[in-house]
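One structure is given here, and the rest of the page talks about it.
Each reported figure results from applying straightforward, stated rules to the coordinates on display, with no laboratory input. All values reported here derive from a predicted model rather than from experimental measurement. Positions of Cβ are backbone-derived with ideal geometry, glycine not excepted, and every protein chain shown enters the neighbour counts.
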Amino acid sequence: MNIISGNEEDTRSIAKIYLEAFPESVDFFYGGDTGERVIGIMDFGFRILWAAGCTFFVAKDSSGNPLGYCIVASDDGDLNKAILRRGLALKVVREFLAGKINIRLTEILKLAVNGLVMAVASLALSKRTSFGRIMSIAVLKSARGQGLGRSLLRHALLHLVDEGVHAVRLEVRPENTAAYELYKTEGFSEIGATRDLQGRWVAMEKHLLKG
Ligand SMILES: CC(C)(COP(=O)(O)OP(=O)(O)OC[C@H]1O[C@@H](n2cnc3c(N)ncnc32)[C@H](O)[C@@H]1OP(=O)(O)O)[C@@H](O)C(=O)NCCC(=O)NCCS
């Protein structure tokens with residue numbers, strides 16, 4: 001198994017891993033649909049993150065099959081600005097109107113309200129001028145417990161150190177023991193709580209460089 005820097009061509013494989021790894025979210029937003037329609041929606045979402053400047057790390061087996069991924073943003077604030085500045089928000093609207101993303105209006109509304117609830121709840125967290133963010137990390141069920149998650153996370157953290165990032169944040173559900181333990185043992189500490197429509201998130205942070 002090896003970990004490579006991913007690119008835009010990996011978004012579809014990442015989407016499939018995501019759908020297996022986060023069944024609760026898939027149930028909540030898409031009624032449990034893991035077919036082509038939702039793979040397409042997730043693929044599009046990951047392509048937007050790629051275009052906005054996120055870095056992808058992908059774990060592959062010796063035949064090149066993707067087993068897991070970690071997506072990281074070097075600057076959380078810049079990411080949101082990039083989505084607006086690079087015309088990505090407009091691209092989403094255009095592709096939706098052109099029927100290229102087969103997402104239902106009710107799903108868009110749910111995603112938008114979810115984002116809003118999360119943004120408001122996150123205002124209570126301590127302020128930092130800039131920080132990196134672990135956007136998403138997952139390993140296929142069949143490949144878990146072999147060190148891949150830790151290895152993916154370490155690649156992402158080393159990348160942030162190389163980029164001169166001072167601190168990195170992420171959110172984890174309180175009941176997600178595997179991920180929480182991984183983050184704790186990699187030096188993340190709790191900095192508070194936030195929430196979205198599905199419930200509570202524990203917010204965690206790790207200092208990378210002085211500052
Ligand atoms: C979290 C996840 C990425 C871990 O990947 P993994 O490859 O299985 O993790 P590793 O084998 O590298 O294990 C790293 C550490 O995580 C913790 N961990 C992993 N599985 C665990 C489990 N079932 N119970 C408790 N701790 C666990 C341990 O601390 C472990 O270190 P150790 O092996 O030295 O004890 C994986 O469980 C996953 O994809 N979960 C679904 C998606 C998800 O929840 N992502 C995180 C969202 S915040």
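Checking the conditions here, which among K141, K206, K184 is more than 29 Å from F28 (Cα to Cα) and charged (D, E, K, R)? Step through it out loud before you land on a result.
Details: K141 fails: more than 29 Å from F28 (Cα to Cα); K184 fails: more than 29 Å from F28 (Cα to Cα).
Going through K141, K206, K184 in turn, the sole match is K206.
Can you tell me which residue in the stretch 116-141 is nearest to the ligand (Cβ to nearest atom), limited to those that are without any contact (Cβ under 8 Å) to a residue 12 or more places away in the chain and either more than 20 Å from A167 (Cβ to Cβ) or not in a loop (DSSP other than H, G, I, E, B) (or both)?
A119
Which of (1) in contact with a helix residue (DSSP H, G or I) (Cβ under 9 Å, 6 or more places away or on another chain); (2) more than 14 Å from the ligand (Cβ to nearest atom) is the odd one out, the single condition E9 does not satisfy?
Every listed condition holds for E9 apart from (1).
Which residues, counting only those in the stretch 120-152, are small (G, A, S) and over 18 Å from E205 (Cβ atoms)? So that I can check it myself, show each step before the final result.
Of the residues in the stretch 120-152, the ones small (G, A, S) are 121-122, 124, 126, 130, 132, 136, 138, 142-143, 145, 147, 149, 151.
A138, S142, A143, G145, G147, G149, S151 - these are the residues of the stretch 120-152 that are small (G, A, S) and over 18 Å from E205 (Cβ atoms).
From the set of residues in the stretch 186-210 that are in contact with a helix residue (DSSP H, G or I) (Cβ under 8 Å, 6 or more places away or on another chain) and not in a strand (DSSP E or B), which is farthest from the ligand (Cβ to nearest atom)?
Checked the stretch 186-210; the qualifying residue farthest from the ligand (Cβ to nearest atom) is L209.
From A179, A156, which residue is in a helix (DSSP H, G or I), under 16 Å from I17 (Cβ atoms) and away from the ligand (no atom under 11 Å from the Cβ)?
Working: A179 fails: away from the ligand (no atom under 11 Å from the Cβ).
Of A179, A156, the one residue that is in a helix (DSSP H, G or I), under 16 Å from I17 (Cβ atoms) and away from the ligand (no atom under 11 Å from the Cβ) is A156.
A quick yes/no check of all residues on (1) under 16 Å from D76 (Cα atoms); (2) in contact with an Asp or Glu (Cβ under 9 Å, 6 or more places away or on another chain):
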site	(1), (2)
R104	no, no
L109	no, no
A112	no, no
S130	yes, yes
A138	no, yes
G145	no, no
R150	no, yes
R154	no, yes
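Considering only the stretch 159-176, state which residues are more than 7 Å from the ligand (Cβ to nearest atom) and without any contact (Cβ under 8 Å) to a residue 24 or more places away in the chain.
D162, E175 - these are the residues of the stretch 159-176 that are more than 7 Å from the ligand (Cβ to nearest atom) and without any contact (Cβ under 8 Å) to a residue 24 or more places away in the chain.
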